[in-house]
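> I have a structure here, written as structure tokens, and I will follow up with some questions on it.
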Amino acid sequence: MTNPLFLLAGASMLAVSAPALAESASTAAALEQPEEAEMTEGQKLKALFAKSNEDNLKRNPISALFRGDQRYADQLGDFISDEYFAREKSAEETELAALLKIDRSKLNATDKIAYDVFKLNKEQALKGYTDEIMALSVVRPVNHFSGFHTFYPTFASGKGAAPFKTVKNYEDNLKRHAEFIILGDRSIERFREGMASGVVETKLTINNVIEQLATQIGLGLENSPFMAPTKQFPEDFSEADKTRLTAEYAEMTNKIFAGYQRMHDFLKDEYVAVAREGVGLSYMKGGDVMYKNLIENTTTLPLEADYIHELGLSEVARIKGEMDAIRQEVGYEGTLPEFFEYLRTDPKFHPKSRESLTERYYEMGKLVDAKISEQFKVLPKAPLEIRPYDKSIEKFQAGGSYQRGTPDGSRPGVFYFNAYDLPSRSTAGITTLYLHEGAPGHHFQISLAQENEDLPAFMRFGGNTAYVEGWALYSEKLGFPMQLFDDPYQRFGHLQDEMLRAMRLAVDTGLHSKGWGRDKAIQYMLDNSSMGKTDATAEVERYIAIPSQALAYKIGALTIQRLKKEAQDALGDNFDPREFHDQVLNTGALPMSVLESKIRNWIASQS
């Protein structure tokens with residue numbers, strides 16, 4: 001189970017927009033169905049989905065805001081109280097029971113897919129609410145990768161999902177600040193519960209959090225992202241409102257800093273001393289049970305850690321062979337490890353400045369735009385913007401990430417790239433990173449789903465890691481038919497990124513089921529790739545912080561690649577990649593078993 005707040009990190013939206021109003025109207029219409037006795041099974045299903053969606057938005061107001069729905073914009077929400085978890089569990093049980101009363105055999109093909117996804121989602125969620133799993137997860141509310149303190153500053157800065165168009169928008173943000181402070185103090189209480197039960201975070205992750213909090217406090221009032229909205233007031237605000245809001249924002253920001261200081265001091269003075277030395281879940285009380293649950297949750301498949309570990313080792317070996325072939329192609333006479341070191345250290349493979357790196361990504365976007373229609377018949381409405389991470393958070397961020405736009409395309413999706421420590425950044429990976437995080441990776445998958453108003457909300461806006469990240473990793477390979485890998489170094493960059501995902505299978509399972517330490521994991525990544533130590537360290541510390549998440553990429557991608565091969569073999573010359581990609585994307589992020597069934601049914605219908 002993952003705290004919903006953590007899943008929202010990084011997105012931003014505008015003020016109330018047409019899609020938000022349209023969705024509310026659609027939900028209301030679905031709720032105004034005939035009496036149940038007069039409903040078809042399809043109508044019952046849609047009514048259940050609509051009620052589930054509406055109830056969820058009330059319980060999780062921040063989710064509504066991310067969609068542009070401002071009905072609950074003055075609330076952040078309480079994500080870690082006993083009452084919150086009890087409400088969530090009760091909702092899952094009630095909705096699953098209602099679903100099972102609907103006769104699936106009387107549904108059309110699309111509704112059957114929706115039924116199956118909803119059922120699997122509820123069943124998996126309930127596994128996360130068992131007493132055993134709750135005791136292992138709730139008491140570890142924060143680490144350096146998953147935490148309100150990593151999400152909230154951008155969210156509240158005017159560059160995130162929270163809108164800042166009206167005076168009410170600004171006042172709503174102050175009310176959310178108050179709940180944010182409460183959330184931090186409740187997190188300390190949860191940590192104390194873990195100290196009592198013996199279920200604790202690692203010293204490594206907690207020391208990183210301590211540094212993060214110190215960095216944010218150290219920015220001071222003037223440079224804090226929480227004050228940023230007061231530096232960009234809309235022109236129609238009165239001087240009186242500007243003066244009042246600036247003073248109120250300063251007062252509340254100081255209260256946030258005080259909350260940060262409480263968390264910082266508690267972690268530094270009390271918690272880190274009892275935090276565990278072993279970085280993997282295998283060193284945590286109940287860690288084996290937790291890891292098994294997380295693997296199934298992130299891959300949507302009941303896989304064993306040993307199987308995944310061996311799969312990772314075999315994929316690493318295969319990719320190394322292809323890398324060595326490129327080494328020979330470019331005429332490098334040293335060994336493959338020496339070639340890795342050459343790519344790590346030669347200045348020509350590293351960006352000269354933030355500006356030059358940005359320009360390279362702009363150029364890549366134009367190249368993809370010119371080719372993309374060869375692979376897709378439906379393109380997102382939302383445009384895609386390219387930006388570096390804000391300097392205040394870039395050190396602990398991944399190499400790149402994506403934040404969704406609005407369903408009507410009025411706010412763009414954003415591809416973020418990391419410009420921290422430029423000598424550690426490789427220009428050889430530019431093509432692949434853009435294809436993964438931007439187009440046609442996350443931007444296409446997320447945008448096309450949320451723009452499809454025929455889907456129920458949980459399929460438009462929800463998802464699972466195996467599908468979402470599996471699609472993005474699969475998208476990297478579309479650079480070949482789009483002729484983006486003619487440069488052998490960019491092709492090597494593609495293999496480098498594929499190697500990263502293969503190494504993740506070995507490293508994540510090594511850390512959490514085989515007793516690997518941090519240094520061993522970092523060295524494994526350096527030995528098998530041209531990654532710089534900064535990147536390798538950030539990756540390993542990410543796997544330590546969010547176990548199993550990194551497994552989903554390769555598992556999902558291999559599933560989509562296998563289904564594509566099945567379609568190509570069955571359809572021969574009639575195979576159209578645009579139709580295949582439409583089938584994969586047009587029903588949102590599906591669990592792997594549901595995706596397999598859908599694609600095989602489509603293949604049969606085409607044959």
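The values are calculated or read from the model by the stated rules, or taken from the named source; none is laboratory data. The structure presented is a predicted model; accordingly, all values stated were derived computationally and were not measured. Cβ: placed from backbone, ideal geometry, glycine included. Neighbour counts: every protein chain shown. For the accessible areas, the whole protein counts, side chains as well, though only heavy atoms, and no ligand, DNA or RNA atoms are used. Shrake-Rupley method; radii C 1.70, N 1.55, O 1.52, S 1.80 Å.
> So what does LYS348 come to for accessible area, using a 1.4 Å probe and Å² rounded to 10?
Counting only protein heavy atoms, LYS348 exposes about 120 Å² to solvent.
> If you project the alpha carbons of the range 340-470 onto their three principal axes, what span does each projection cover, largest first, in Å?
Per principal axis, max minus min of the Cα coordinates gives 51, 33, 27 Å.
> Next up: Just subtract the alpha-carbon distance of TYR332 and THR243 from 0.36 nm times their residue separation and send over the number in nm, one decimal.
Between TYR332 and THR243, full extension yields 25.7 nm more.
> Here's another thing I want to ask about it. Given the protein chains as shown and a 1.4 Å probe, how many square angstrom of VAL368 are accessible, to the nearest 10?
Counting only protein heavy atoms, VAL368 exposes about 0 Å² to solvent.
> Which value in deg cm²/dmol, rounded to the nearest 500, describes the helix-derived mean residue ellipticity at 222 nm for the chain, given -39,500 (n - 2.57) per DSSP H run of n ≥ 4 and division by the residue count?
Taking each H run of at least 4 residues, the total per residue is -19500 deg cm²/dmol.
> Quick check: with the 1.4 Å probe, what order do ARG491, ARG104, ARG67 take by accessible area, largest first?
In descending accessible area the options line up as ARG104, ARG491, ARG67.
> Which value, to two decimals, describes the C-alpha radius of gyration of the range 526-607 once divided by 2.2 N^0.38 Å?
My calculation over the Cα atoms of the range 526-607 gives 1.47.
> Working with all protein chains in place, sort ILE393, ILE188, ILE206 by solvent-accessible area computed with a 1.4 Å probe, largest first.
Ranked list, largest accessible area first: ILE393, ILE188, ILE206.
> Let me ask something else about it. Can you give the convex hull volume of the alpha carbon atoms of the range 509-548 per residue, in Å³?
Roughly 60 Å³ of hull volume per residue.
> Still on this structure: Starting from the 7 Å offset along Cα-to-Cβ, what nm value, one decimal, do you get for the label separation of LYS255 and ARG192?
It works out to 2.1 nm between the two label points.
> What is the Å³ per residue value for the convex hull set by the Cα atoms of the range 135-222?
105
> Now for a separate question. Of all accessible surface on the range 209-253 at a 1.4 Å probe, what whole percent is carbon and sulfur?
Roughly 53 percent, rounded to a whole number.
> Mind putting together the pair-distance distribution for the range 479-527? All Cα pairs, 10 Å bins, whole percent per bin, short to long.
Taking every Cα pair in the range 479-527, the percentages come to 24, 39, 22, 15, 1.
> With labels modelled as points extended 7 Å from the Cα through the Cβ direction, what inter-label distance (nm, one decimal) is found for SER90 paired with ASP55?
Distance between label points: 1.0 nm.
> Taking the range 177-294 as the region of interest, what is the percent of Cα-Cα pairs per 5 angstrom bin, listed from the shortest bin to the one with the maximum distance?
2, 10, 16, 17, 15, 11, 9, 7, 5, 4, 2, 1
> Could I ask something else about it? Between SER105 and GLU374, what is the FRET efficiency for a Förster distance of 56 Å, r being their Cβ-Cβ separation, to the nearest 0.05?
Efficiency computed from Cβ-Cβ geometry: 0.90.
> Further question: Rounded to whole Å, give me the distance from the Cα center of the range 33-94 to that of the range 546-566.
Comparing the Cα centres of the range 33-94 and the range 546-566, I get a distance of 30 Å.
> Another question about this same structure. Work out how far the C-alpha atoms of the chain reach from end to end along every principal axis, then list the three figures in whole Å, largest first.
Projected onto its principal axes, the Cα set of the chain covers 68, 62, 53 Å.
> Where does the Debye-calculated log10 I(q)/I(0) of the range 308-405 sit at q = 0.13, 0.25 Å⁻¹, using only Cα point scatterers of equal weight, no solvent?
Summing over Cα pairs of the range 308-405 leads to -0.85, -1.17.
> A further question on this structure: Mind listing the long-range amide H neighbours of TYR402? Cut-off is under 5 Å, sequence gap 5 or more, other chains count too, H placed in the peptide plane at 1.01 Å from N.
For TYR402, whose amide H was placed from the backbone, the distant partners under 5 Å are TYR416.
> Tell me, what is the 1.4 Å probe accessible area of LEU558, in Å² to the nearest 10?
50
> So what is log10(I(q)/I(0)) for the range 260-327 at q = 0.17 1/Å, when the Debye sum runs over its Cα atoms only?
At q = 0.17 Å⁻¹ the computed log10 ratios are -0.81.
> For the pair THR166 and THR358, how long in nm is the line joining their label points, each one 7 Å along Cα→Cβ?
3.3
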